[in-house]
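Enquirer: Take this structure first; my questions come after.
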Amino acid sequence: VSAGELTEHLQYWQDDVKVDRYRRALVEVVRPGDTVLDLGSGTGLLGMLAVEAGAGRVLAVENGAISTVTAEVVERNHLDERIEVRQGLSTTLDLDEPVDVVVGDQIGGFVFSAGVLRFYADASRRLLRPEGTFVPGSFDLLLAPVQHQASRDAIDGWASAPFGYDLGPFHERAQNLVRYVVLDEDSLLGTPQACGTVAAHDDRRFRATLDTHVTTDGRLDGVAGMFVGHLSPSVTLSNVPGHPDRLQHRWQDLFPLGRGIDVVAGDRVEAEVVVNPVSYLTSWSIRVTSRAGHVHLEDHSTFEGALFDPAWFRIAAGRPVAIDGVARSACRVIADGEGAGVDTAAVVAAVRAEHPGASAGQVDRLVRSLVTLLADGPGEPQA
Amino acid sequence: VTEGDPSSAGAPPPGAPRVPRHVRTRRTGDDVVVVDLHTERYYGLDGVGADLWRLLVSGHPIPAAVDQLGRRYDVDTEVLREDVDGLVATLLDRGLLTDDDPGTGVGLCPAVPIATHLEVATAAAPEPAQEGSR
């Protein structure tokens, strides 16, 4: 457990808005004696609120090592008969009986970034009874044109050729990464626009679009994604600057422009953000049209920003061929195992049987990469 | 890609095959990996294929790309042209090249059959930000 991790969790306890909204929502949703799954339980905060709300039993699942300390906290507060802490991923969890309520807070800045949708989708399919309840149940997604100096510096710095060296390849990566930023109302160059609602247990690819006009002169650094989460029928939680239910410690996701564009009130900003909550592949396109008619258009994707192992893409080098079949087979074969103690050689053999054209060495490297990623979490990679 | 990218060697003539905007490119050493954002399928190219791709991405029309490759590789021009034509046909077939104009509209995936589950939000957007200095 790192110092930074502990500080992050302390902030959750000290976020009065978060605690108040989750407490109210759980009182509204949990019925006496309900079984509650606290998904990604961290220090156990939401599970304890569920007990306060009347839950008969809470299963607190947390993959991080912090779960061992949480178990101590549960015991010290004499809650160990009501709260069971388990270390591991919820996707590897099997329950004898489905739960009545799933509660979680892996909402990230734009819902998908902390992986909540795929974990909720899995919980919906396997762990929650059909008429059970998610807290939160759905999210309104919003996009807004923003100015953010620190992000601009973090991108432009790579283009400054320090000591005369051309760092262009890093500049290209830097502008193709989603940035987690903390925005205030003064960062907004236009009103955040609602662009859709996504159910918490729906992990399908989604597209959010923005078509708005700048309301404040400034430098457009990108488009920020944010949310309003519906914790229960009458309780909401948000990270939108200025929102009355705004979390005190929550970032927004910035989809940046490669270069800042000076804009004035009335300029038009259009954007499209497409997110796959499972693969994390994210693309965004931003088009700025000045009142004089000048157009600036940029297309970006995390594919162009992420650092990855070229071995993943050399399964069948030499001809254009989709490799997702091999990678997907490997994921499935690994997932079919017991999780811990994966027999890498057996997985390689099984994948090669399905893809005889792929070389043993390359499949071996791919499988080992996947096994390592699976061991480290937070979830299963999919190609 | 920014409109008017100075790295571009000039846009291919209208109707000539080009890399569509939703097909994105990464170098991995001497090889090239591309992804079709519509299908999320990844493709690998190496050798002459990777060199051809890099030329196409930088805006070279196919005849100019063949000239460049001919200077780079000791190969009969006709053989090279046939090989390139074959590869281009494959890339067109897989949607990694297109004859369509890329356009300047916003969006890389407007035509993608993404699930239409993103319903119109019912919650009101927050009040506009106060105008003022940043």
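Rule-based calculations on the coordinates, nothing more; no lab input. These numbers come from a predicted model, not from an experiment. No Cβ is skipped: glycine too gets one built from the backbone with ideal geometry, and neighbour counts run over all protein chains shown.
Enquirer: Can you put B:C109, A:C195 in order of Cβ neighbours within 10 angstrom, beginning with the fewest? Walk me through the intermediate numbers first.
Expert: Values: B:C109 18, A:C195 23.
Ascending Cβ contact count within 10 Å gives the list B:C109, A:C195.
Enquirer: Here's another thing I want to ask about it. Considering the zone a paramagnetic label at A:R31 would reach in this model (a point 7 Å from Cα along the Cα-to-Cβ line), which residues of segment A:67-100 have amide N under 11 Å from it?
Expert: Only A:100 fall inside the zone, counting backbone N under 11 Å.
Enquirer: Residues of A:274-284, mean number of Cβ from any other protein chain within 10 Å of their own Cβ, rounded to a whole number?
Expert: On the way: counts 9, 1, 3, 0, 1, 1, 0, 5, 1, 8, 3.
Other-chain Cβ atoms within 10 Å of each residue's Cβ, averaged: 3.
Enquirer: Can you give the log10 of the normalised intensity I(q)/I(0) at q = 0.16, 0.20, 0.27 Å⁻¹, computed with Debye over equal Cα scatterers of segment A:3-75?
Expert: Log10 I(q)/I(0), no solvent term: -0.55, -0.84, -1.29.
Enquirer: If packing is taken as the mean number of other Cβ atoms within 10 Å per residue, what is the order of B:77-85, A:204-212, A:158-166, A:219-227, highest first? Show your work: numbers first, answer last.
Expert: Numbers: B:77-85: 13.3, A:204-212: 19.9, A:158-166: 10.6, A:219-227: 27.1.
My ranking of the peptides, most packed first, is A:219-227, A:204-212, B:77-85, A:158-166.
Enquirer: Can you work out ³J(HN,Hα) from phi for every residue in segment B:55-61, in order, using Karplus 6.51 cos²θ - 1.76 cosθ + 1.60 and θ = phi - 60°, giving whole Hz and x for Gly and Pro?
Expert: My calculation for segment B:55-61 gives 5, 5, 4, 7, x, 6, x Hz in order.
Enquirer: Going by average Cβ neighbours within 10 Å, how do the peptides A:98-105, B:28-35 rank, with the highest at the top?
Expert: On the way: A:98-105: 22.9, B:28-35: 18.2.
Sorting A:98-105, B:28-35 by mean packing, highest first, produces A:98-105, B:28-35.
Enquirer: Still on this structure, please answer the following. What is the mean number of Cβ atoms from other protein chains located within 10 Å of the Cβ atom of each residue in peptide B:98-105, rounded to a whole number? Before the final figure, lay out the partial values.
Expert: Numbers: counts 0, 0, 0, 0, 2, 1, 5, 6.
Partner-chain Cβ atoms within 10 Å, mean over residues of B:98-105: 2.
Enquirer: Separate question: If R0 is 56 Å, what FRET efficiency do you get for A:H78 and B:R27 from their C-beta distance, rounded to 0.05? Let's see the in-between values first.
Expert: On the way: r = 59 Å, r/R0 = 1.05.
E(calc), rounded to 0.05, equals 0.45.
Enquirer: Further, regarding this structure: Only counting other Cβ atoms within 10 Å, I'd like A:R352, A:R129 sorted with the fewest neighbours first. Could you put the intermediate results ahead of the total?
Expert: Values: A:R352 19, A:R129 12.
Fewest to most other Cβ atoms nearby, the residues stand as A:R129, A:R352.
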